[in-house]
Amino acid sequence: MVRYRRYKVKGGTYFFTVALLDRKSTVLTDCIVGFRESLKRVLTLHPFKIHAIVVLPDHFHAIWEMPDDDDNFSIRMRLLKNLFTRYAIKSGYRIGTNLRGEKNFWQRRFWEHVIRDEKDFENHVNYIHYNPVKHGLVERVIDWPYSSFHRYVQKGILTKSWGSGGRLDDIDNE
């Protein structure tokens, strides 16, 4: 049996895709307060920097930067999944268990990618922010409330109209 290996870099910056087992679920956005609380708790226990994030009904994407002396993103992801699962159960979501006794809520694994350079970083930030449009949830990036896009607009990095008209390359570089 092949053992899955993750590429880890102390102080590295990573892009993640994390999905629920039920890809038709809307629990992540239905319980966005719980997701935010869970994420804040993880940040308190195991600090890291969030460069970009988008939460969709059934999955989320994020770019996290680990502390200089740390490469253990797995413990953070495990804790986030665990805390949010507990929140969802307390909120009334019925979640079954598999044969191993694990909750049937999240996909077992998540996808990560080490950000290689500035262009790779920019491409993944753009992907994150445009994802709600890609999935047909909104017509304009600005209309999706659960995204770091709004922080990028506040900081003047992106314009409110960024991503409108299907373009991903209209970033203000002034």
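Points worth noting:
- The lone exception for Ile95 - which of (1) outside any helix (DSSP H, G or I); (2) in contact with a Gly (Cβ under 6 Å, 6 or more places away or on another chain) it fails: (2)
- The listed residue being surrounded by 16 or more Cβ atoms within 10 Å (Cβ to Cβ), out of contact with any helix residue (DSSP H, G or I) (no Cβ under 7 Å at 6 or more places or on another chain) and under 30 Å from Ile142 (Cβ atoms), out of Phe35, Phe73: Phe73
- Test: residue in the range 61-68 that is out of contact with any helix residue (DSSP H, G or I) (no Cβ under 9 Å at 6 or more places or on another chain), crowded, with 18+ Cβ neighbours inside 10 Å and either over 25 Å from Val153 (Cα atoms) or of a type in the set (D, E, K, R) (or both): no
- Number of the exception - Pro132 against (1) surrounded by fewer than 16 Cβ atoms within 10 Å (Cβ to Cβ); (2) under 15 Å from the mean Cα position of the chain (by Cα): (1)
Table: residues versus (1) farther than 25 Å from Glu102 by Cα; (2) charged (D, E, K, R); (3) in a helix (DSSP H, G or I); (4) touching a Phe, Trp or Tyr at 6+ places or on another chain (Cβ under 8 Å).
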| site | (1), (2), (3), (4) |
| --- | --- |
| Leu43 | no, no, yes, no |
| Trp64 | yes, no, no, yes |
| Pro67 | yes, no, no, yes |
| Asp71 | yes, yes, no, no |
| Ser74 | no, no, yes, no |
| Met77 | no, no, yes, yes |
| Asn82 | no, no, yes, no |
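None of the figures in this text is laboratory data; all of them are computed from the coordinates on show. Just so it is clear, the model here is predicted, and its values are computed rather than measured. So basically every Cβ, Gly included, is an ideal-geometry build from the backbone, and we count neighbours across all protein chains shown.
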